[in-house]
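Worksheet: one structure, shown below.
The values are calculated or read from the model by the stated rules, or taken from the named source; none is laboratory data. None of the values given here were measured: they were computed from a predicted structure. So basically every Cβ, Gly included, is an ideal-geometry build from the backbone, and we count neighbours across all protein chains shown.
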Amino acid sequence: MTGPRRALVTGGAGFLGSHLCDALLTEGFSVVAVDNLLTGKSSNFDHLRHDTHFEFLQLDINQPFDCGHVDYVFHFACPASPVDYTAHGIATLKVGSLGTLNALEVARKYNAKYLISSTSECYGDPLEHPQKETYWGHVNPIGPRSVYDEAKRFSEAATMAYHRTHKLDTRIARIFNTYGPRMQLNDGRVIPNFMKQALRGEELTVYGDGNQTRSFCYVSDEIEGLLRLAKSMEHLPVNVGNPVEFTILECAERVLAVTQSKSKIRHQPLPEDDPRQRRPDITKARTLLGWEPKIDLETGLRLSLDYFRKAAEEKTSAQR
Ligand code: UDP
């Protein structure tokens, strides 16, 4: 990636999208972020308002769009938490299909490189553990998570079709659970929920017995992996996640330790189709990109503490 370059980030007002905008600006790109602000927040780039290399366009990528010449398209628009994509199921399906096709068309028009944020949800409730990129997954196509899972699987298929048919220079990142500052406090994901509850002295809501597992990647590690993938020549999917696996009960314990909270744990019903285990095999990312995460869960939670503390102190009415 050399010369004067302009990058488009769809979903640029979201958690990952806004961190990606920051990283691309640091890399010397000028950045145009587009977002319909369904789940993103323009306050995520308040700090960029006076940066002449950054612009924000509030628009709906489910309609064909054109924001001028770009050298790179990063397609990150999509509700990403189970609570958000359940509340916005049809919007999730639309952005993963129409939005993805429109973003691919932008890349095709300008002969731009293209990277899509896909997901570990492509593996569904996996029967293979840890999950390698070659695993085809175990996905319920009609369950409550299907709006997200199938939208992302369609997005991957569309991306590969543009690569094969139009020779588009594409990349597919399979992103596993990621956390850090700028996550919406109320998006329902486990780390914001636990941090909010611990910091407010409320009970931590563990769904099911808490023995289901996830593998959490701190946002700066994730963005570094995504940038390395963007610079690589790999067109097939690459897992970008932290391979250290925790049960949800262990995650709750880490949050209690970092926040020094005395909150108790309260078990609640496990949501339908909640994957029992999830851990990326990152051999491919290690070999191909020379990348692996550096920040362990406890360190990442400490790095996120100020953000979550401020967010948790804000009045409920000020939250999304
Ligand atoms: N979870 C939980 N309590 C919460 C929120 C989530 O026990 O308050 C569990 C959830 O059931 C799942 C895991 O934490 O097993 C991760 O959930 P999250 O919504 O963060 O994302 P997912 O990995 O399921 O997409």
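Regarding segment 186-208, can at least one residue be identified that is modelled with pLDDT under 95, at negative phi and not polar (S, T, N, Q)? Talk me through it step by step, then tell me what you get.
We begin by selecting, within segment 186-208, every residue modelled with pLDDT under 95; these are 186-187.
After this cut, where a residue has to be at negative phi as well, the list is 186-187.
Now restrict to residues that are not polar (S, T, N, Q): 187.
So far as segment 186-208 goes, yes, one or more of its residues are modelled with pLDDT under 95, at negative phi and not polar (S, T, N, Q).
Of a type in the set (Asp, Glu), away from the ligand (no atom under 14 Å from the Cβ) and under 19 Å from the mean Cα position of the chain (by Cα), is that true of residue 298?
Values: of a type in the set (Asp, Glu): yes; away from the ligand (no atom under 14 Å from the Cβ): yes; under 19 Å from the mean Cα position of the chain (by Cα): no.
Here the answer is no, as residue 298 does not meet what is asked.
For segment 134-166, name all the residues that are within 22 Å of residue 283 (Cβ to Cβ) and surrounded by fewer than 15 Cβ atoms within 10 Å (Cβ to Cβ).
Selection gives 134, 136, 138.
Looking at segment 114-141 only, could you name the residues that are assigned to a loop (DSSP other than H, G, I, E, B) and of a type in the set (Ser, Thr, Tyr)? If you could, list the steps in order and put the result at the bottom.
To start, the set of residues in segment 114-141 that are assigned to a loop (DSSP other than H, G, I, E, B) comprises 125-130, 132-137, 139-141.
Within segment 114-141, 134, 135 meet the criteria.
Taking segment 1-52 as the search range and keeping residues that are β-branched (Val, Ile, Thr) and in contact (Cβ under 8 Å) with a residue 24 or more places away in the chain, which one is nearest to residue 184 (Cα to Cα)? Walk me through it before giving the result.
Of the residues in segment 1-52, the ones β-branched (Val, Ile, Thr) are 2, 9-10, 26, 31-32, 34, 39, 52.
Filter once more, keeping what is in contact (Cβ under 8 Å) with a residue 24 or more places away in the chain: 9-10, 31-32, 34, 39.
Details: 9: 19, 10: 18, 31: 23, 32: 22, 34: 18, 39: 9 Å.
Residue satisfying both the conditions and the ranking: 39.
Can you work out which of the residues in segment 218-256 that are part of a loop (DSSP other than H, G, I, E, B) and either touching a Pro at 6+ places or on another chain (Cβ under 9 Å) or more than 21 Å from residue 131 (Cα to Cα) (or both) is nearest to the ligand (Cβ to nearest atom)?
Residues of segment 218-256 part of a loop (DSSP other than H, G, I, E, B): 232-237, 241-244.
If we keep only those that are either touching a Pro at 6+ places or on another chain (Cβ under 9 Å) or more than 21 Å from residue 131 (Cα to Cα) (or both) as well, we get 232-233, 241-244.
Values: 232: 26, 233: 30, 241: 11, 242: 13, 243: 15, 244: 15 Å.
In this case the residue turns out to be 241.
Within segment 135-175, which residues are of a type outside the set (Ser, Thr, Tyr), without any contact (Cβ under 8 Å) to a residue 60 or more places away in the chain, within 11 Å of residue 121 (Cβ to Cβ) and out of contact with any Leu (no Cβ under 8 Å at 6 or more places or on another chain)?
Listed by number, the residues that qualify are 137, 139, 149, 153.
Hey, among 179, 162, which residue is touching a helix residue (DSSP H, G or I) at 6+ places or on another chain (Cβ under 7 Å), modelled with pLDDT of 95 or more and away from the ligand (no atom under 16 Å from the Cβ)?
The unique qualifying residue is 162.
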